[in-house]
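Data first, discussion second: the structure below is written as structure tokens.
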Amino acid sequence: MGTTYSIQVVDTRLSPAERREWHEEIDALLEDLNRQMSVHRPDSEISAFNRHASMEPMEVSAGFRHVVARALELAERTGGAFDPTLGPLVRLWGFGPDGPGDGHPTPEAIADARRKTGYRHLSLTEDGRLMKHLPELELDLGGIAKGYGVDRVADLLRAHGATRFLVEIGGEVLAEGTNVRGEPWRIGVQRPVVGPATDAGFQSIVPLTDGRALATSGDYRQFRHATDGRILSHIIAPRTGEPAGMATASVTVWAGDALTADALATALVVLGPGEGLPLLAASFPEVEALFILRRADGAFDTTATPGFPAPTSAGGAARHEHGCPAPPH
Ligand code: AMP
Ligand code: MG
């Protein structure tokens with residue numbers, strides 16, 4: 001997935017052999033996910049699907065099918081703000097393997113790329129195969145796969161009997177039970193200062209426990225400069241085919257599973273609080289979100305759903321720094 005992971009387990013005395021065994025199982029699980037969902041690997045399932053320029057349904061593995069089904073569900077429920085088919089636009093704006101370009105694609109190029117996108121051109125057949133309704137359609141699960149990975153690692157730890165742990169992949173986290181001090185885990189939400197992962201400090205520190213997940217999306221780690229200096233976010237607004245605006249610097253989503261949190265964080269960057277808060281109230285009453293908004297003077301404002309977990313005191317060491325550790329893209 002082009003990123004790092006970290007796992008802390010505090011309730012089990014593991015022998016060195018067990019520790020090695022868990023580590024190997026987790027690595028094997030993540031390796032499996034890469035084989036399914038990494039667009040950076042030519043031999044992955046997703047790459048095979050993207051090359052499959054045909055409307056003939058394609059057989060896919062159960063895990064892959066599950067993530068695509070959830071991606072389509074969340075695309076529908078976010079009015080298309082989350083869209084797992086934006087690969088051609090992601091590339092056009094310079095976030096693909098072909099490199100950056102000048103950051104000024106022509107309106108024709110944008111229109112052309114948009115014609116190859118749209119989650120409605122993708123469906124699952126009754127027998128669980130994946131079908132394109134446009135031969136050129138591609139899948140990009142970059143906005144949801146890390147969250148899925150977090151959920152799967154948490155399942156593996158639970159299956160081993162662990163009850164107190166923190167799982168993090170590329171900044172998406174899930175916490176179970178309490179930390180080593182017997183308190184809810186404390187997750188730092190970074191101040192979304194644009195630039196490399198220097199220590200800009202935390203905007204908020206969120207308590208997390210009970211198998212809840214927290215995911216953050218934003219423009220402040222993965223972005224590039226157009227030749228005119230404009231900053232381009234790696235998150236694309238499907239309605240325009242252009243990078244999402246900069247007013248919403250980051251969105252942190254608290255949800256019952258990391259896959260949902262991951263996909264919604266991406267969607268809410270596109271929607272901003274104006275559309276995002278009403279959508280959450282109407283369609284996702286069990287989900288909470290914190291929006292960090294960039295003011296013209298460079299300072300930040302925050303706005304959140306009423307139930308977003310109240311920050312714990314900012315003093316003391318946060319157990320984990322939350323946010324993308326600048327994966328290569
Ligand atoms: P995240 O870091 O979870 O917000 O995911 C961002 C990644 O998801 C991008 O690098 C793209 O690969 C992909 N992406 C960009 N825009 C969208 C969108 N509107 N919906 C779904 N995935 C997107
Ligand atoms: Mg996401």
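Laboratory data are not the source of any read-out in this text; all were calculated from the coordinates shown. Everything numeric in this text was worked out from a predicted model, so none of it was measured. Because the Cβ atoms are built from the backbone with ideal geometry, glycine has one as well, and the counts that use them run over all protein chains shown.
Modelled this way, with points 7 Å down the Cα-to-C-beta line, the labels at Asp155 and Leu29 are 0.9 nm from one another. The sum of -39500 (n - 2.57) across all DSSP H runs of n ≥ 4, divided by the residue count of the chain, sets its helix-only mean residue ellipticity at 222 nm to -10000 deg cm²/dmol. Full extension of the chain between Val180 and Arg120 yields a length gain of 17.0 nm, computed as 0.36 nm times the residue separation minus the alpha carbon distance. Once the convex hull of all Cα atoms in region 112-199 is built, its volume per residue stands at 171 Å³. Beta-bridge orientation, the chain: approximately 95 percent antiparallel, per DSSP, counting only bridges with both partners inside.
Once a ≥ b ≥ c are taken as the square roots of the eigenvalues of the Cα gyration tensor of region 96-163, is the result rounded (a/c under 1.5), prolate (a/b larger than b/c) or oblate (a/b not larger than b/c)? Since a/c reaches 1.5 but b/c is at least a/b, the shape of region 96-163 is classed as oblate.
Suppose each label sits 7 Å from its Cα in the direction of the beta carbon; what would the Asp228-Ala53 distance come out to in nanometres? Here the modelled spin labels are 3.3 nm apart. Report, as a whole number in µm² per second, the diffusion coefficient that Stokes-Einstein gives for region 190-318 at 37 °C and 0.692 mPa s using the Kirkwood radius over alpha carbon pairs. Roughly 216 µm²/s, to the nearest whole number. The protection proxy used here, the mean number of other Cβ atoms lying within 10 Å of each residue, ranks peptides 69-76, 154-161, 14-21 as follows, highest first: 69-76, 154-161, 14-21.
Calculated from the alpha-carbon coordinates, region 38-139 shows an Rg and a Dmax of 13.9, 44 Å respectively.
Starting from the Cα gyration tensor of region 81-239, take the square roots of the eigenvalues, sort them a ≥ b ≥ c, and report rounded, prolate or oblate (rounded when a/c is under 1.5, otherwise prolate if a/b is larger than b/c, else oblate). Could you put the intermediate results ahead of the total?
Values: a/c = 3.42, a/b = 1.41, b/c = 2.43.
It comes out oblate by the Cα gyration axes.
Each residue, Asp43 and His133, gets one label point 7 Å from its Cα in the Cβ direction; the gap between the two is 3.5 nm. Rg over Rh for region 31-76 works out to 0.97, both radii taken from alpha-carbon positions and Rh defined as the Kirkwood radius. Rounded to the nearest 20 debye, the dipole size of the chain about its Cα centre is 480 debye, using +1 on the Cβ of Lys and Arg and -1 on the Cβ of Asp and Glu. Extents of the chain, taken as max minus min of Cα coordinates on every principal axis and listed largest first, are 57, 51, 37 Å.
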